[in-house]
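*Asks:* Shown below is the structure under consideration.
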Amino acid sequence: MSEPVLYGHPDSGHACKVALALELAGVPHQRIWVDIWAAPETRPAAFLAGSPFAEVPLLVIDQQPYVQSGAILLEIAQRYQVLGGDSHAGLRRARELIVWEANRIGMCLPQIHYAAKVQNQGFPPGALDWLRARYQVDRANFDRLLGDAAFFHGDAPGVGDCAIWGYTQWINRMGVEPTTSMLRWIDNMRALPGMKTPESFFPN
Ligand SMILES: N[C@@H](CCC(=O)N[C@@H](CS)C(=O)NCC(=O)O)C(=O)O
């Protein structure tokens, strides 16, 4: 059996979520940089064969492709019995956090992040106001979900923390206000052995 292969790029919070989970879980794997800013058809053939939308992250385990970051995180948790995947309660928590992230904070933050990168070009009037208004709700719910715990999964991080980390890691660059709990959690996440910068996860 060969090691799992993760395709990603440092600008992709979605890819960082998966890289972080594999690292925290201590799963030996290879990481391959894919140019997400180049035309999709120029990306490696093995990547295009496994990723139907030519998007990162793509994780290949035993020749089987896995796409969609939240689904990949759940696959990792269950397959390796790690990061919440080792108990019914941990998995329930993981599912709830991952679905919340994808629908809410993981919807508006990537867009706000991208808008800042392209000087709002292509964003119709009002779009950013709408995203920022959604973020106000998301930041309050972030605090509710975290409570006083160190991590969203409790004393130790789980795949739900990895999902939420994806874009929250860049909160200080987005022109939106983090909460005090968010800053405390970000410090906890940064202190984890296995935490890396996006560029260290996916060097070119
Ligand atoms: N819903 C997907 C989103 C993946 C995604 O949007 N990937 C972006 C980078 S963050 C990508 O590969 N973009 C390249 C392209 O669309 O050509 C997930 O959760 O994995």
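The values are calculated or read from the model by the stated rules, or taken from the named source; none is laboratory data. Being a predicted model, the structure only gives us computed values, none of them experimental. Backbone-built Cβ (ideal geometry, glycine too); neighbour counts: all protein chains shown. Remember, those area values only see protein heavy atoms, side chains included, never the ligands or the DNA or RNA. Shrake-Rupley method; radii C 1.70, N 1.55, O 1.52, S 1.80 Å.
*Asks:* Can you tell me which residues in the stretch 125-148 are among the aliphatic types (A, V, I, L, M) and either in contact with an Asp or Glu (Cβ under 7 Å, 6 or more places away or on another chain) or open to solvent by 30 Å² or more (accessible area, probe 1.4 Å) (or both)?
*Replies:* Ala133, Val137, Ala140, Leu145
*Asks:* If you take the residues of the stretch 1-18 that are out of contact with any Cys (no Cβ under 9 Å at 6 or more places or on another chain) and of a type in the set (A, V, I, L, M, F, W, C), which of them is most open to solvent (accessible area, probe 1.4 Å)?
*Replies:* Per the criteria, the residue is Met1.
*Asks:* Could you please find all residues in the stretch 28-51 being more than 25 Å from Leu97 (Cα to Cα), within 11 Å of the ligand (Cβ to nearest atom) and assigned to a loop (DSSP other than H, G, I, E, B)?
*Replies:* Those that are more than 25 Å from Leu97 (Cα to Cα), within 11 Å of the ligand (Cβ to nearest atom) and assigned to a loop (DSSP other than H, G, I, E, B): Val34, Asp35, Ile36, Trp37, Ala38, Ala39, Arg43.
*Asks:* From (1) in contact with a Lys or Arg (Cβ under 9 Å, 6 or more places away or on another chain); (2) within 12 Å of the ligand (Cβ to nearest atom); (3) in a helix (DSSP H, G or I), pick out the condition that doesn't hold for Leu22.
*Replies:* Against the list (1) in contact with a Lys or Arg (Cβ under 9 Å, 6 or more places away or on another chain); (2) within 12 Å of the ligand (Cβ to nearest atom); (3) in a helix (DSSP H, G or I), Leu22 comes up short only on (2).
*Asks:* Follow-up question, since we're still on this one. Does at least one position in the stretch 80-94 carry a residue that is among the hydroxyl-bearing types (Ser, Thr, Tyr) and either more than 18 Å from Gly13 (Cα to Cα) or in a loop (DSSP other than H, G, I, E, B) (or both)?
*Replies:* Yes: one or more hits.
*Asks:* Quick one: which of Val60, Val56 is within 11 Å of the ligand (Cβ to nearest atom), out of contact with any Lys or Arg (no Cβ under 8 Å at 6 or more places or on another chain), modelled with pLDDT of 95 or more and open to solvent by less than 60 Å² (accessible area, probe 1.4 Å)?
*Replies:* Val56
*Asks:* Then there is this: Return only the number of the condition from (1) within 12 Å of the chain's Cα centre (by Cα); (2) touching a residue at least 12 places away in the same chain (Cβ under 8 Å) that Gln111 does not satisfy.
*Replies:* (1)
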